[in-house]
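Heads up, the thing below is written out as C-alpha cells.
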C-alpha cells in the first residue's frame, strides 16, 4: 500500500496549453499568441479591402457607358476586367480587331452573362488622325451616349533631342496629345447636353516633370496635361468631372522581379530605363477610387519622384542643377 501511494504521488497531470505558455519565455509567449492574431487580422483587412473595391467598382460604373482607349494594354485589360464584372457597358478601343475580339471573348467567358453586358469594339489608332471623326461617330452610336471616357493610350520615346526627327515628334504628339484631345472634343457635346460625364486621363508623371532624353515624350505629356487642366474649369458648370492620374510607370513585372527593382538614387530615377512603377492592379484601384470620389488630380509615385515634382516648382535652380549633374554622371559612367 505504501508503494502504491508513492507511485501515485509521482504521477503528474499533463500541462494544459496555457500552463505551457506560462512556463515559456515572455517574448516567445507574446510571439506565439500575437502571430496568429496578426495573420488573421491582416487577412481580414485584405478581404474587406477587396469587398470595398468591388462595391466601389459596381456603384461607380454599373450600367454606365465606359470607353477605354488602348484596352489591349496591361492596364487597359485590367481596367476592362474590373468594369466588366462591375456591370459597365464597355466600349473597348484598340488597334487590332482580332485581338479585340479575342479579349472580348475572354471577358464574356469569365463572367455571368445575366449581370454583364457584352463589350462593343471600336478600332482606334491615334496615329491615324484622319480616321478619328468616323471613330467618334461610331463610339457615340454604340449606346447613343457616353458616361465615362478613360484615356489610357500612350506612345513612349527615350532619345537625345538632336536624334529625334520632326516626323517622330509629330507622331508622338498625335498619339499623346492631338488624338486624345480630338476624341474628347468629339464626345463633349453629348456629355454637355446630358450634363453628366467623367473624363479621366491616365497620364505620366512627365506631364508635370520634364527630364533629360524625353523631350518629345515629355512635351506631349505636358500638352495633354495642360489641355485637361484647362478643360476641367471650362466644363465644371455643366456638371462634368475631369480627372488626371499621373504615374511613374505601369510595370507588368512581378513583385519578385529583381531586374525591375529601381535604385533609391535620384540619378537612377531620372535616367534609368525602368523607373519606379505601379502595377496595373494598383492603377485600376486608383482609377476606381477616382471615379467614385471624383478627385481632380492624383499623383501615383514614390516619395523621391514626388519630391522632384515639388522641387521643380519651388526650387527650380536646384532641380535643374541636379538634372545637369545627372547627365554628366551618366556620360562619365558610359566613358568608364
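The values are calculated or read from the model by the stated rules, or taken from the named source; none is laboratory data. Being a predicted model, the structure only gives us computed values, none of them experimental. All Cβ positions, glycine included, derive from the backbone under ideal geometry; neighbour counts span all protein chains shown.
Observations
- Residues of the range 83-104 that turn out to be out of contact with any strand residue (DSSP E or B) (no Cβ under 9 Å at 6 or more places or on another chain) and modelled with pLDDT of 95 or more, as a count: 3
- In this structure, residue 126 does not qualify as in a helix (DSSP H, G or I), free of Cβ contacts under 8 Å to residues at least 60 places away in the same chain and touching a helix residue (DSSP H, G or I) at 6+ places or on another chain (Cβ under 8 Å).
- Cβ pairs under 9 Å, 6+ apart, first in the range 98-114 and part of a loop (DSSP other than H, G, I, E, B), second loosely packed, with under 14 Cβ neighbours inside 10 Å: none
Table: residues versus (1) in a helix (DSSP H, G or I); (2) surrounded by fewer than 19 Cβ atoms within 10 Å (Cβ to Cβ); (3) at pLDDT below 95.
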{"position": "155", "(1), (2), (3)": "no, yes, yes"}
{"position": "159", "(1), (2), (3)": "no, yes, yes"}
{"position": "175", "(1), (2), (3)": "yes, no, no"}
{"position": "182", "(1), (2), (3)": "yes, yes, no"}
{"position": "186", "(1), (2), (3)": "yes, yes, no"}
{"position": "191", "(1), (2), (3)": "yes, no, no"}
